[in-house]
Structures are given as structure tokens and as C-alpha cells.
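Engineer: Dropping the structure in here first, questions after.
The values are calculated or read from the model by the stated rules, or taken from the named source; none is laboratory data. On a predicted model such as this, the values are computed, not experimentally measured, just so you know. When we count neighbours, we look across all protein chains shown, and the Cβ atoms used for this are built from the backbone with ideal geometry, even at glycine. Keep in mind that these areas ignore ligands, DNA and RNA; they rest on the heavy atoms of the full protein, side chains included. Shrake-Rupley method; radii C 1.70, N 1.55, O 1.52, S 1.80 Å.
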Amino acid sequence: MTSPSQTAAAQSDSPGLEPEGLKKEKNSKGGELVGRSPGQLMWARFKRDRTGMICGVVVLAFFVISALAPVIASLYGKDPYTFYSNSDPNLLDEFGFPSGANGGVSGDFWFGIEPQLGRDLFTQLLYGMRTSLGISVAVTILVVITGTILGVTAGYLGGRTDYWLGRVMDFLMAFPSQLTFVAFMPVVVALFVPPGDETPTYIRVVALILVQWALGWMGLARLLRGQVLSLREREFVEAARITGASPWRIIRKELLPNVVTPILVQSTYMLPLFVTAEAGLSYLGVGIMEPTPDWGRLFRTAGNIYESDPTFLLFPGAAMVIFVLCFNLLGDSVRDAFDPKSGR
């Protein structure tokens, strides 16, 4: 009868009996055994997900195209502000609608032209995506920073801090988001612009960011609070506390690395929500206004003319559906890649 120590020695000497927890991956030359970090394992799982890779490429293409909108418009030879029907009256019929088929789609105007005004729809969409994505990225960054700081602080400190932060979150989450956006946008704009003056575009952009940020961070904060409440009782946190580590060091070195996964996953879900929220505000007339191109304002124009020119909605609508769908699928793939129990 063999002892436990002899059994462990036999397993270590026999390659076929290597314990599961000690398995390592061989390098490409088949020589020295090497391990892989959690980030490398996540990336390996993500690369095996074809849907995630395709959606990642599509989402990246949207951001690159939006960032390069002025360059693309310059190569295209048109801009979103010029009324091209003034120089060519044949572009619009006597009712102000595109005289060509399919909303005026042609070699000169790839996506057609805007009814009544005769502006180019392709450049309108390029600059509109740039506006909407820029605002949504700024809101997402602010929401992630605020939600992370307040959620981790509430979870780690607990006590009165957790109680009062929790009540603030509950209070803000009681507001219906879309209705509150519509109600508060004029109020925020009025704080920066005197009555009777025209509101500059940058003021509307700042107001959109502030309103969405103020009412968008609570979900992430509550999620991280729950995560930290369970983590702060773990042995590695207790060990750091016993060694005399400051609360800031414990949060930075012990807790934050363990909540990176929910932060990244929630970020991929939040950004498309903010894109649609910003487009919805512009559609309702409380967001970006003329003449600044905006994704939501294109939908508003399409809603007014869809009976006479249904083609106008095709390209902005298809772009919005593709972007939101791919971003949501990308979020699912990121979540599965971070999950060690995933079968992907």
C-alpha cells in the first residue's frame, strides 16, 4: 500500500498522470512548458468566436469611418451643409422631393439627397455618426469612471457611506430615463444660454453629455457594489489589510483587478444604449439641432417624409441597426470570453 506522498511523486514523474491544475501549454517548438495569463486565455477564447471577431471588425469600422468623416467627404467631393439643389434645380421636383429614382441615388449622390433642401445624404450620415458616436463615447467614459469609483467605494467602505450612496442610487434610478432626458435638456441648456439667444451647438453637446451621465451611472455602480461586498471578505483582502495596506492600495491593487470583467462587459452594453438615447433626443427635437448633422435628426426628417420618400430612411436606419446589433453581439462575446466556464 502506497502512501499519499509516494502517489504524488509517481504522478509528478509520469507525464500521463500530471494533475489537472498543473497542466501547462507547450510552446510552438514543443520544448519548454509555458503558462498563459488570464488575459491571454480571454483573447484565445475570443479569437475562436467568429461572431465576436466579425462584430468587432464592424464596430471598429464604424468608429474609423466616423473619425475620418472629413477626409472621406473631401475625397467624395461633397459636404453635409451645401444645398446642391440651388446649383442644379433638376435635383428636386416641383414638390421639393428628389427627381431621380430611389431618393435621388446616383453616381454623384451615393445615398441620394435630402428632400426640400437638396443636401447630400451620404455626408450627412457620415457626420451624423461622428456626432452621435462622439457624444456616446464621452458619456460612456464618464459613466464608467463615476460608476466604478462610487460602486467600489460603497462596497468596500460599507456602513453609512454604503447606505447614503445606495439611497442616492435608488433615488436617481426612480426617474424614467427618456422622459427625464426630454424634461431636463431645456433646463440644462437654459443654465448656459440667456433667454432669447441662439443655443450654440457645443452647449447642446455638453447638455446631452451631462444629462445622460447624471442618470446613467447607477446601474454599473450597483453591480460593482455587489461584487466588492463579496470580495472584501475574501482571504487576499484580509491578508492585505493585516499587512497594513491602506484602503486606497487595497482598492487599487486587490479589488479593481477583480472587477475589470463586469466593467468591460457593461461598457459594451452601455455604449449602444447611449447612441440610441442620443438619437432619440435629437429625434424629439431636444438634442442636436440644425444645421449640425446628427443620426437622430436624420430619423426625424425621415419620419416627416416617409410617405413620399421612404428611401431616405433606408441608409440611416440600416446603419443604426447594424451598429447596435454588432455592438450587442460583441458584448456577448466579450462576456463569454471572460467567463472561464464558457464552452466557446
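Engineer: Would a scan of segment 218-240 turn up a residue that is open to solvent by 40 Å² or more (accessible area, probe 1.4 Å), within 30 Å of residue 294 (Cα to Cα) and touching a residue at least 12 places away in the same chain (Cβ under 8 Å)?
Structural biologist: There is at least one residue in segment 218-240 that is open to solvent by 40 Å² or more (accessible area, probe 1.4 Å), within 30 Å of residue 294 (Cα to Cα) and touching a residue at least 12 places away in the same chain (Cβ under 8 Å).
Engineer: Something else: Quick check on residue 261: is it modelled with pLDDT of 85 or more and in contact with a Lys or Arg (Cβ under 9 Å, 6 or more places away or on another chain)? I'd like the intermediate steps shown before the answer.
Structural biologist: Values: modelled with pLDDT of 85 or more: no; in contact with a Lys or Arg (Cβ under 9 Å, 6 or more places away or on another chain): yes.
For residue 261, the condition - modelled with pLDDT of 85 or more and in contact with a Lys or Arg (Cβ under 9 Å, 6 or more places away or on another chain) - is not met.
Engineer: If you don't mind, another one. Take the conditions surrounded by 18 or more Cβ atoms within 10 Å (Cβ to Cβ) and at pLDDT 90 or above and apply them to residue 150. Does it pass?
Structural biologist: When the stated conditions are applied, residue 150 passes them.
Engineer: Also: Would you tally the residues in segment 41-67 being open to solvent by 80 Å² or more (accessible area, probe 1.4 Å) and out of contact with any Lys or Arg (no Cβ under 8 Å at 6 or more places or on another chain)? Give the steps one after another, and end with the answer.
Structural biologist: Our first condition is that a residue be open to solvent by 80 Å² or more (accessible area, probe 1.4 Å); within segment 41-67, this holds for 43, 47-48, 50, 54, 57, 60.
Narrowing further to those that are out of contact with any Lys or Arg (no Cβ under 8 Å at 6 or more places or on another chain): 43, 47, 50, 54, 57, 60.
The number of residues fulfilling the criteria is 6.
Engineer: Same structure, new question: Might you check whether a residue that is of a type in the set (A, V, I, L, M, F, W, C), without any contact (Cβ under 8 Å) to a residue 12 or more places away in the chain and open to solvent by 70 Å² or more (accessible area, probe 1.4 Å) occurs anywhere in segment 155-164?
Structural biologist: Yes, some residue in segment 155-164 is of a type in the set (A, V, I, L, M, F, W, C), without any contact (Cβ under 8 Å) to a residue 12 or more places away in the chain and open to solvent by 70 Å² or more (accessible area, probe 1.4 Å).
Engineer: Based on this model, can you work out whether residue 340 counts as modelled with pLDDT under 85, in a helix (DSSP H, G or I) and either touching a Lys or Arg at 6+ places or on another chain (Cβ under 6 Å) or over 17 Å from residue 131 (Cα atoms) (or both)?
Structural biologist: Against the criterion (modelled with pLDDT under 85, in a helix (DSSP H, G or I) and either touching a Lys or Arg at 6+ places or on another chain (Cβ under 6 Å) or over 17 Å from residue 131 (Cα atoms) (or both)), residue 340 does not qualify.
Engineer: Which residues, taken from segment 71-91, are in a helix (DSSP H, G or I), without any contact (Cβ under 8 Å) to a residue 40 or more places away in the chain and either out of contact with any strand residue (DSSP E or B) (no Cβ under 9 Å at 6 or more places or on another chain) or under 12 Å from residue 127 (Cα atoms) (or both)?
Structural biologist: 71, 74, 75, 86, 87, 89, 90
Engineer: Restricting attention to segment 68-91, which residues are among the polar types (S, T, N, Q) and either within 28 Å of the chain's Cα centre (by Cα) or open to solvent by 60 Å² or more (accessible area, probe 1.4 Å) (or both)?
Structural biologist: Listed by number, the residues that qualify are 74, 86, 87, 90.
Engineer: Would you confirm whether any residue within segment 284-303 is in a helix (DSSP H, G or I), free of Cβ contacts under 8 Å to residues at least 12 places away in the same chain and either of a type outside the set (Gly, Ala, Ser) or open to solvent by 20 Å² or more (accessible area, probe 1.4 Å) (or both)?
Structural biologist: Residues of segment 284-303 that are in a helix (DSSP H, G or I), as a first pass: 295-303.
Pick out the ones that are also free of Cβ contacts under 8 Å to residues at least 12 places away in the same chain and you get none.
No, segment 284-303 has no match at all.
Engineer: I'd like to check something: does segment 92-107 contain any residue that is under 23 Å from residue 64 (Cβ atoms), at pLDDT below 90 and either in a helix (DSSP H, G or I) or open to solvent by 30 Å² or more (accessible area, probe 1.4 Å) (or both)? Write out each step before concluding.
Structural biologist: Step one: list which residues in segment 92-107 are under 23 Å from residue 64 (Cβ atoms), which gives none.
No; the residues of segment 92-107 include none that is under 23 Å from residue 64 (Cβ atoms), at pLDDT below 90 and either in a helix (DSSP H, G or I) or open to solvent by 30 Å² or more (accessible area, probe 1.4 Å) (or both).
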